[in-house]
Amino acid sequence: MALGARIEDDPFVLLLSDRPSERAALARAIGHVITCLTAETGEALPGRGAARLAVIDLDAAGLATASTILDQGPWRSVPRLVLARSDSRPVRLPAASRVLPVAAPRETVLAGIFAMIEAATRDVRARGRKLHEQGAAATGIVADLFDSAALGARIDPAAIEQGTEIVLAAVSEAGIRTWLDIVWRHDAGVYQHTLSVAGYAAAFGAVLGLNGADQERLARAALLHDIGKSRIPAEILNKPGRLSPEEWRLMCRHPVIGADLLEAQGIEPEVIAVVRHHHERIDGMGYPDRLAGPAISDLTLLTAICDVFSALTERRAYRKPLAPREALAAMAAERGHLDPALLRAFAPVAEQGT
């Protein structure tokens, strides 16, 4: 199957080979077990999707080029089977990878491929179970945080840290798309949005190359950004239509409510700033304080992008979600709202979420 085929959740093997006859023979055999996508070096690779294995049968230059491409983005963790030639130079390989000589009998190569597919499938299933557990745990943590805030009780700092660690670990290991799939299997709108924004923040921080402490702070702020909604009546939060002027005024209080709740409990000021100001606009026309430009913190600007993108692409009772490209276009068209340079930097994160 050529790379033009659309691959989403179906598992597949990627076969890169510059030997047409051998490529055809291997692809035919692999295709009896699992979908096999084939390409020559230099062709654009598909998104990782549900890739189980990459088989590389290329000359030295092709191997070097393919390795450079596969080492970037979501492919970097996919195991590889390299059929090494005499002039091949050593390349860095992900865990569970193997190297066989190109002269190895086809039966030996196929046995290695099928064994690696089986091992990768077991690993995917184990990681899937872990992700479901992480999603359930994160949802429970967010629900407890919102319940505590609604009751005016103390918000547990350890729970905040645990929730932050879960989101960062899950997005790092499985990617934002898989995290969103897990989150949206739990039926609780405000919690889903919170965990989606936190997931996007984790992915955005990684794309921007933030250090560990800043990635944690960004994800933590995103996890708490809507905590003030715990004090907004459910009938307003879940209203399937336009809010009345009075309802809108009440809704617009949630950033201040959240910031006041966290300030009273000694949460770090950088996080409180995000909670209070994530609805500000760079043109000064946002709320609650009409901050503009440099007065809005970097963490707030980053979180605001994640918040708006998540809201536009989520399923809501009163409207259909936008496709990621449509959402990005709508965000860019709303001049004066979001930082344009950061919005452009967010584009790869949006693509990862598709």
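FYI, it's all coordinate maths here, none of it is from the lab. Bear in mind the structure is a predicted one, so any value in this text is a computation, not a measurement. Note that each Cβ is placed from the backbone with ideal geometry, even for glycine, and that neighbours are counted across all protein chains shown.
For (1) under 18 Å from ILE30 (Cβ atoms); (2) touching a helix residue (DSSP H, G or I) at 6+ places or on another chain (Cβ under 6 Å); (3) among the β-branched types (Val, Ile, Thr); (4) touching a residue at least 60 places away in the same chain (Cβ under 8 Å), each residue gets a yes or a no:
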site	(1), (2), (3), (4)
ASP57	yes, no, no, no
ALA60	no, no, no, no
ALA64	no, no, no, no
GLN72	no, no, no, no
SER86	no, no, no, no
PRO94	no, yes, no, no
ALA104	yes, no, no, no
Residue check for PRO288: within 26 Å of ALA333 (Cα to Cα), free of Cβ contacts under 8 Å to residues at least 60 places away in the same chain and in a helix (DSSP H, G or I): no
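Keeping to region 313-354, report how many residues are among the acidic types (Asp, Glu) and either surrounded by fewer than 12 Cβ atoms within 10 Å (Cβ to Cβ) or outside any helix (DSSP H, G or I) (or both). Before you say what the answer is, go through the steps one by one.
The first filter runs over region 313-354 and keeps only residues among the acidic types (Asp, Glu), leaving 314, 326, 334, 339, 351.
Now restrict to residues that are either surrounded by fewer than 12 Cβ atoms within 10 Å (Cβ to Cβ) or outside any helix (DSSP H, G or I) (or both): 314, 334, 339.
So the count comes out to 3.
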Region 217-276 - residue that is among the acidic types (Asp, Glu) and in a loop (DSSP other than H, G, I, E, B) and, of those, surrounded by the most Cβ atoms within 10 Å (Cβ to Cβ): ASP226
Hey, ASP147 acidic (Asp, Glu), part of a helix (DSSP H, G or I) and free of Cβ contacts under 8 Å to residues at least 40 places away in the same chain or not: no
